Amino acid sequence: MYIEVLNESNLKSPNDSQLKRFIILNFHGIYNFEIEGLKLNEKLRELKNWYTSESTDWMERLLPYIYNNYFLVAQYKNGVQSLEVYDLEKMELETDARLVENIVNQYNNYETFSVSRLQLCFTQVNIVNLFQMENGLQIASKKFNEIERIYLLEFIDGDDRLLIIGEGLKEGNDLEKELKFIVWDLYDTGKYELTELDDFLITNVENIHTRLARTSGNIIQIDNYGNVSSILKEVKKGLEKKDKKKKAEKEELNKAACPNINLKKDIGKKPNGKPDENHTIYYDKNINFKPIVNDREPWVLGNCERNSYCLYQNKLETETESLQLIVGRSTVQVWHQIQDSRKNKDDLPNKGEPFLEYIWTNRIPINQEREKTRLRVEAFNYESNEGSQIIDFYLKVYWYERNDNKAFKKNEHEIVIDEDKEIDEIEFKKKKINDSVKVKRKEKVIKRQDIIEKFHAVRHACKTLEHLNKRYKCKYLADNYGKIHKYEEMVTYIEHIIRIFAKYEPENFRLLDVRHNLMKSLILGDCDRLIKFILFGDKEGASENDIAYNELRHIPCNRIWPGKKFLKDDDLDFGEKKDYTLIDNEKIKPENNMELAIYHCKGRELKDTIVVAYFLEYYSRNATDNAGWMCTVSKAIPLLFKYNYGSFFVIILFSFREFV
């Protein structure tokens with residue numbers, strides 16, 4: 001942008017700021033405007049006068065609030081900081097956010113921000129605050145003690161990670177400062193780590209503003225000779241280097257098991273003591289392993305092939321601790337048991353009985369699940385414990401699903417016959433998977449890190465509850481009370497995994513929900529009690545008590561993560577819910593969790609729609625602080641009336657004390 005004005009010596013008065021020519025250069029071209037009467041110079045001089053300190057340049061103050069086509073306005077009033085983000089391209093307000101807590105008292109020139117496809121990131125000295133662009137709701141806030149001030153930040157790796165550039169004390173030197181680079185893994189582990197760049201050219205922190213710049217979603221650096229290079233490329237190189245190292249370690253582990261471990265193969269036993277040819281058990285020949293679980297897929301009717309692996313067994317005097325991995329038809333599970341003959345059962349975890357540690361499901365559609373499409377083990381490798389409670393293992397499973405081919409004009413039975421025939425041809429090497437027409441092969445690798453990293457375990461547990469409920473609703477367990485009891489017990493174990501994580505790590509649960517939409521799975525899983533806990537916590541009479549921000553576990557949203565779909569093929573038509581059109585033939589397709597909860601409860605009596613009331617109360621109660629909490633409710637109200645719930649729920653909604 002270039003502005004040509006009258007020479008200062010020719011101005012008749014200090015207020016004379018006539019603009020003769022206004023020139024803009026951007027990627028669309030060069031534009032030349034002649035404007036009269038626009039007092040732009042006067043406004044710029046006013047802005048410059050606001051910051052007359054020798055240490056503060058007014059442009060230095062302005063630039064951190066510009067990011068691509070966005071302009072940020074930060075306001076402070078009555079001890080509360082609010083943020084307004086304007087889209088300069090559309091010339092409209094994009095989002096309005098408010099910080100939940102103002103921890104920092106001194107902001108002078110210590111702020112910057114970044115915008116991703118769905119989120120806004122704003123800094124306060126060494127604190128990073130994350131917001132939803134859609135509704136301005138705060139998602140997370142983290143303080144980085146390794147740095148004293150943040151200069152720049154940028155979303156990387158498909159917006160899954162955040163690169164933070166700031167200054168901090170040099171390690172081992174309390175006087176000298178240096179630039180530090182932090183990569184925050186927002187949604188996979190929630191952890192962050194300091195990283196080093198091989199080709200970082202800036203050595204003097206004082207030159208940061210003249211040598212470091214952000215442009216068009218990139219961060220560039222300029223050396224003493226004017227050479228320009230991308231910092232993001234260097235960071236990506238570093239991340240790729242680490243990923244390659246991890247991949248090489250996986251491949252090395254996959255080539256062969258540790259040579260000093262020989263797996264013994266055995267046949268399992270049925271509850272009556274007879275051999276179970278469908279259950280194969282693998283364990284170290286040096287231990288006398290006895291399976292702690294036999295069959296943990298009660299929704300499967302009839303026999304199915306299973307493979308179990310002993311991950312750990314330790315006998316110390318009277319105590320025996322065991323970990324068993326079992327691969328079933330559609331799930332991979334890890335069970336844990338601690339027994340001690342000297343202790344009372346009430347003093348042992350789960351009273352000495354096996355309890356679920358981890359579960360993953362392939363989420364195959366209901367109409368495709370059968371023996372031919374079961375999980376198959378391609379590889380299982382592991383190495384010695386070396387004192388760890390669980391061995392470092394590598395499990396690779398695969399299965400077959402229907403190809404997305406709309407050309408099929410046969411009935412379901414004929415399609416299944418053709419698919420099974422093609423699966424047999426592939427398995428017996430008569431046909432290559434790349435030549436298959438009717439089915440496709442899918443794979444999954446599970447390793448030790450998935451079990452000990454709770455981010456993974458909780459995400460997989462939520463998806464499993466959805467997977468199980470779809471089978472329960474299809475009456476897989478009809479009139480089989482023994483299997484129903486085992487099914488309910490299984491659900492309790494899975495919910496416990498989620499509840500513990502949500503209780504003690506609410507912010508990390510909130511981040512997981514934002515990225516992977518855990519709440520959608522819980523709605524489809526009919527987990528009403530668990531949903532109530534996530535929304536309101538353990539407090540009785542939650543509607544009468546305010547929930548602190550750091551205890552909130554769910555944020556509403558309408559926008560879907562780029563590249564993802566809100567609904568899968570069988571999310572709306574499992575069980576008795578195959579007719580999802582209204583009388584007027586208007587097809588309904590929920591687009592957010594509030595609409596999905598209403599749709600999922602359609603046709604039920606009011607007493608069985610309590611989950612809808614939970615969401616309405618939760619959103620409306622928090623809306624007193626930010627109207628963004630109602631972003632999904634406002635879209636879903638018409639759906640309440642379509643399903644004849646409007647007269648009841650809308651009256652309740654507007655009777656909440658927040659609307660009085």
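The values are calculated or read from the model by the stated rules, or taken from the named source; none is laboratory data. A quick note: this is a predicted structure, and the numbers were derived from the prediction, not measured. Here the Cβ positions follow ideal geometry from the backbone for every residue, glycine too, while neighbour counts run over all protein chains shown.
Working only within the range 133-149, note down all residues that are free of Cβ contacts under 8 Å to residues at least 40 places away in the same chain and not in a loop (DSSP other than H, G, I, E, B).
149
For the subset of the range 317-330 comprising residues that are part of a strand (DSSP E or B) and of a type in the set (Val, Ile, Thr), which member is nearest to residue 341 (Cα to Cα)?
If we filter the range 317-330 for residues that are part of a strand (DSSP E or B), which is where we start, we get 319-327.
Of the ones still in play, those that are also of a type in the set (Val, Ile, Thr) are 320, 326-327.
Values: 320: 9, 326: 26, 327: 30 Å.
Out of the qualifying residues, it is 320.
Table: residues versus (1) surrounded by 17 or more Cβ atoms within 10 Å (Cβ to Cβ); (2) modelled with pLDDT of 90 or more.
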| residue | (1), (2) |
| --- | --- |
| 586 | no, no |
| 598 | yes, yes |
| 607 | no, no |
| 620 | yes, no |
| 628 | yes, yes |
| 635 | no, yes |
| 639 | yes, no |
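Mind listing whichever residues of the range 296-316 are over 31 Å from the mean Cα position of the chain (by Cα), touching a residue at least 24 places away in the same chain (Cβ under 8 Å) and outside any strand (DSSP E or B)?
Residues satisfying the conditions are 301, 303, 304, 305.
With the structure loaded, tell me whether residue 419 is at negative phi, without any contact (Cβ under 8 Å) to a residue 40 or more places away in the chain and surrounded by 11 or more Cβ atoms within 10 Å (Cβ to Cβ) or whether it fails that test. Spell out how you get there, then give the answer.
Working: at negative phi: yes; without any contact (Cβ under 8 Å) to a residue 40 or more places away in the chain: no; surrounded by 11 or more Cβ atoms within 10 Å (Cβ to Cβ): yes.
No.
Can you name the residue in the range 373-386 that is at pLDDT 95 or above and touching a helix residue (DSSP H, G or I) at 6+ places or on another chain (Cβ under 9 Å) and, of all such residues, is surrounded by the fewest Cβ atoms within 10 Å (Cβ to Cβ)?
Checked the range 373-386; the qualifying residue surrounded by the fewest Cβ atoms within 10 Å (Cβ to Cβ) is 376.
Quick one: which helices (runs of 4 or more DSSP H) lie wholly within the range 408-491 and hold at least 2 residues that are modelled with pLDDT of 95 or more and touching a Phe, Trp or Tyr at 6+ places or on another chain (Cβ under 8 Å)?
Those helices (runs of 4 or more DSSP H) span 454-473.
Could you please tell me which pairs satisfy a Cβ distance under 6 Å, a separation of 6+ or placement on different chains, a first residue in the range 500-511 that is touching a residue at least 60 places away in the same chain (Cβ under 8 Å), and a second residue that is surrounded by fewer than 20 Cβ atoms within 10 Å (Cβ to Cβ) and of a type in the set (Lys, Arg)?
No pair meets every condition.
For the range 545-570, which residues satisfy the criterion of being of a type outside the set (Ser, Thr, Tyr) and not in a loop (DSSP other than H, G, I, E, B)?
550, 551
Being closer than 21 Å to residue 379 by Cβ and β-branched (Val, Ile, Thr) is the filter here, so list the residues in the range 318-336 that pass it.
The answer is 326, 327, 331, 332, 334.
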